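> Structure below; questions to follow.
The values are calculated or read from the model by the stated rules, or taken from the named source; none is laboratory data. Source: prediction; values computed, not measured. Neighbour counts are summed over all protein chains in view; Cβ atoms, including those assigned to glycine, are modelled from backbone coordinates with ideal geometry. Keep in mind that these areas ignore ligands, DNA and RNA; they rest on the heavy atoms of the full protein, side chains included. Shrake-Rupley method; radii C 1.70, N 1.55, O 1.52, S 1.80 Å.
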Amino acid sequence: MRNPDDQGIAARTDSDAPAYANKLSRRDSLKLLAALAASAMLPALSACGSPSTGDAPDGLADAGHWPELDLQPVTASGYGKDPDLITPPEAPWPLTLTPDQLSLLALLSDIIVPAEGKSPSASAVQVPTVIDEWVSAPYPDQQQDRLTVLSALAWLDDEAALRFSQPFATLATAQQLAIIDDIAYRNDQTPRQFQRMAEAFARLRNLVLAAYFCTPDGMEDIGYMGNVAIAGDYPGPTPEAYRHLETVLADLGLSEFAYPVG
């Protein structure tokens, strides 16, 4: 977590702050959803593949407050097992988040990933739109995240009202960060009443980070080139890549499977 005063976070904290504006077409947001779904299978992002329902951890059902949401299930059929990739549906399911929820999510996303140097903030690369697409999809993991994300957003406004008698988005930056600091990470020092929200926030944070690094700007930020066309014969992995692979295989006791460098 970074102090927005130091890092130039784009999200505003006064009541006149502009609402989040989606700039993606539905087709583009679905493409990013597909990339996010693929990234969730990578070990480094395994937390995105481990659904959290926002259920109370053991013994914490009565700790603190928690919004008990009565959500209607998403009944859209989705793409199915044999999707028509030639003419995919433009809007396979209705989107979930309201404009106010998207704006609050944009604010949180920019606290988690602020603009820094040449790298844009999470909201600038449309992370809230991608998460809206994610939680609106009719698949079981996404529906569990729908409950987690919506509960987390509602909890923040409830907590802001209890502490400062205002919605979270209208608080001053210091007030917002005072709440976030209490839920940023769940560990032995996390007060009991914040542990359930800390677990939900961890899930939201992982989604924001995964969505950010699925975007072209996010990939550029970590130096990922993706699939690049190469003229002529494929040169194969670089010596540096081979050395890395050999190190990993040695650590795993699998050196016998290392490929010889030609």
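> Counting only residues 5 or more places away or on other chains, whose amide H sits under 5 Å from the amide H of Val113 once H atoms are built in the peptide plane?
Long-range HN contacts for Val113: Ala122.
> Tell me, what HN-Hα J-couplings in whole Hz come from the Karplus equation 6.51 cos²θ - 1.76 cosθ + 1.60 at θ = phi - 60° for each residue of the stretch 166-182, using x for Gly and Pro?
Along the stretch 166-182, the couplings run 9, x, 4, 5, 9, 6, 5, 4, 4, 5, 4, 5, 4, 6, 4, 4, 6 Hz.
> Which of the peptides 66-73, 138-145 is most tightly packed, and how do the rest follow, going by the mean number of other Cβ atoms within 10 Å of each residue? If you can, show how the numbers build up before the last one.
Numbers: 66-73: 10.1, 138-145: 17.5.
Highest-to-lowest ranking by the protection proxy: 138-145, 66-73.
> Ok, one more. Considering only protein heavy atoms and a 1.4 Å probe, what is the carbon-and-sulfur percentage of the accessible area of the stretch 144-208? Don't jump to the answer; show the numbers that get you there.
Numbers: 1240 of 2580 Å².
So the carbon and sulfur contribution to the accessible surface is 48 percent.
> Mind ranking 122-131, 168-177, 109-118 by how tightly packed they are, going by the mean number of other C-beta atoms within 10 angstrom, highest first? List each step's numbers first, then the result.
Values: 122-131: 26.7, 168-177: 18.0, 109-118: 19.9.
The packing order, highest mean first, is 122-131, 109-118, 168-177.
> For the stretch 19-30, take each phi angle, set θ = phi - 60°, evaluate the Karplus expression 6.51 cos²θ - 1.76 cosθ + 1.60, and give the result in whole Hz per residue in order, putting x for glycine and proline.
Running phi through 6.51 cos²θ - 1.76 cosθ + 1.60 with θ = phi - 60° gives 6, 4, 10, 6, 10, 9, 6, 4, 5, 5, 5, 5 Hz.
> I need the phi-derived Karplus couplings for the stretch 106-120: 6.51 cos²θ - 1.76 cosθ + 1.60, θ = phi - 60°, integer Hz, Gly and Pro marked x.
Whole-Hz 3J(HN,Hα) from phi for the stretch 106-120: 5, 4, 5, 4, 6, 5, 6, 10, x, 5, 8, x, 8, 8, x.
> Applying a 10 Å radius around every beta-carbon, put 197-203, 227-233, 237-243, 94-100 in order of their mean neighbour count, most first.
Values: 197-203: 21.7, 227-233: 5.3, 237-243: 11.3, 94-100: 14.9.
The most tightly packed comes first, giving 197-203, 94-100, 237-243, 227-233.
> Could you please state, rounded to a whole Å, how far the C-alpha centre of the stretch 238-258 is from the C-alpha centre of the stretch 63-125?
Between the Cα centres of the stretch 238-258 and the stretch 63-125 lies a distance of 39 Å.
> Heads up, I need the accessible area for Leu162: 1.4 angstrom probe, whole protein in place, Å², nearest 10.
Result for Leu162: roughly 120 Å² accessible.
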